[in-house]
Amino acid sequence: MLNVCFVSTYPPIRCGVGYYTYSLCQALVETSPVRVTVLTERNGKRCVHGGTACIPCFNRGEKYVEHILHAISEVKPEIIHIQHDYTVYGFGDSFFSLLKQLDDNIIVTMHEVHTPVTVEKVTYGLENFARNHAELGKIAAKIIVHSDTMKKWLLAYGVDSKKIAVVPHGTTILSSVQGAEAKRVLGFKETDRVILSMGFVRRAKNDCLLIQTLPMILKEVPDARLLLAGGLHPHSSAGDIEEIQMRRSLVQKLGLGQYVRLIERYVDETELPSIFGSADVLTYLHDRSYVEVSGALHLGIGAGKPIVATDVPRFEEVQEISPETVIRPGKRERLAEILARILTDKDYAERLARRSATYANQTSWTKVAQEHFRIYEEMKRQDTRNC
């Protein structure tokens, strides 16, 4: 039985990285001989659930090194796996002090890689930008990323390619809910053609562009409806908070109240089958070149629905699933055109849906967990040889 310790945010904390870690841990204990402990933030919940023990022990934004090290000394893991988020651990002295005081079996999953085109996100000093990523490559035994673009940037910073593993973001295969039933649950008519934007409210998601595009779509698809589902992140920016009111005002200004449904709160996991089941097409219109992968996108992939997305790094998977439904950010006419076709051409929509379902099976949490366990075993064998 392999003793693995994660350091990560974790439910009930509402965070994409936490949901990722939860899904990975559950798949690991179901498919592999592992014992899993998660060290999480103090506003988490101490529990044992499904073979995973959760221990709240540190706070973001405070001195966390000593608290994490103490908890690890109690757990005595064979593998330490840090789920990195710049906003949780930073990327400076504290984080590297933590890594240097741990043993050699350290894995770091980078859920985002900062780049020169995303300098607005850098809080650890531009002068340390490339150096810190290179330092991570020296200390960590393995760095896991979710896309080839993320790997490309780490290589550019001087990280040894042998230390980088590209493991796709896992996909939850959502239980099937009949579209007619799901639409009734959410207050739509069975004949309504529903466009869904799902996830935390972010200004960069361009929901306002989607609202502005809706009148163009309605000319071709009078039964089109727009569903915006999701609330604010616990650490939302001022701009994200303003976005809530901007969306409401735009709906009112354009007279779209009867065509737009807003669910402005955190969507519980139990609600996902109905929300995705009601949708005829999913949209992901983020316009920033952040080098990351979207958990919300993988929920949509797991629903087996047609997907329209912008050609930014966080939606790289859609290029593989259906490149013809990838658009440039801000292209309202193209967005209206492709959404109208999906909503009116049943055969086309079904082909796109099958491609999403195929990719979902290829990246299921079971397969992703098996790949993680393979990496853990490889590290243990390497550790044994070095003894």
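Here is how the numbers come out for the structure above:
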{"read-out": "Single unsatisfied condition, L24 versus (1) in contact with a helix residue (DSSP H, G or I) (Cβ under 8 Å, 6 or more places away or on another chain); (2) in a helix (DSSP H, G or I); (3) surrounded by fewer than 21 Cβ atoms within 10 Å (Cβ to Cβ)", "value": "(3)"}
{"read-out": "Pair list, Cβ < 7 Å and 6+ apart or interchain, from segment 60-76 residues that are more than 16 Å from K100 (Cβ to Cβ) to residues that are of a type in the set (D, E, K, R) and not in a loop (DSSP other than H, G, I, E, B)", "value": "R60/E41"}
{"read-out": "Candidate set: segment 184-214, residues that are farther than 26 Å from Y19 by Cβ and among the hydroxyl-bearing types (S, T, Y); chosen: the one modelled with the lowest pLDDT", "value": "T191"}
{"read-out": "Listing of helices (runs of 4 or more DSSP H) fully contained in segment 92-194 that carry 1 or more residues being surrounded by 16 or more Cβ atoms within 10 Å (Cβ to Cβ) and assigned by TED's automatic domain parsing to the domain that holds K346", "value": "179-185"}
{"read-out": "Segment 79-120: number of residues that are out of contact with any helix residue (DSSP H, G or I) (no Cβ under 8 Å at 6 or more places or on another chain) and of a type in the set (S, T, N, Q)", "value": "3"}
{"read-out": "Criterion: closer than 17 Å to I321 by Cβ, part of a helix (DSSP H, G or I) and either at pLDDT below 95 or among the basic types (K, R) (or both) - qualifying residue of R374, R351, R381", "value": "R351"}
{"read-out": "Residue among Y266, Y359 that alone is within 30 Å of Y86 (Cβ to Cβ), part of a helix (DSSP H, G or I), hydroxyl-bearing (S, T, Y) and touching a residue at least 12 places away in the same chain (Cβ under 8 Å)", "value": "Y359"}
{"read-out": "Output for segment 73-86, where each listed residue is surrounded by 15 or more Cβ atoms within 10 Å (Cβ to Cβ) and either small (G, A, S) or out of contact with any strand residue (DSSP E or B) (no Cβ under 6 Å at 6 or more places or on another chain) (or both)", "value": "D85, Y86"}
{"read-out": "Residue list for segment 1-51, filter: in contact with a Cys (Cβ under 7 Å, 6 or more places away or on another chain) and of a type in the set (V, I, T)", "value": "T9, V36, T37, V38, T40"}
{"read-out": "Count of residues meeting criterion [assigned to a loop (DSSP other than H, G, I, E, B) and either among the aromatic types (F, W, Y) or on the phi > 0 side of the Ramachandran plot (or both)] in segment 269-307", "value": "2"}
{"read-out": "Filter result (surrounded by fewer than 14 Cβ atoms within 10 Å (Cβ to Cβ) and either among the hydrophobic types (A, V, I, L, M, F, W, C) or within 22 Å of G300 (Cα to Cα) (or both)) within segment 242-265", "value": "E264, R265"}
{"read-out": "Subset of segment 231-255 [part of a loop (DSSP other than H, G, I, E, B) and of a type outside the set (S, T, N, Q)]", "value": "G231, L232, H233, P234, H235, L254, G255"}
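The values are calculated or read from the model by the stated rules, or taken from the named source; none is laboratory data. None of these values were measured; they are calculated from a predicted model. A quick note on method: Cβ atoms are made from the backbone with ideal geometry, for glycine too, and the neighbour counts reach across all protein chains shown.
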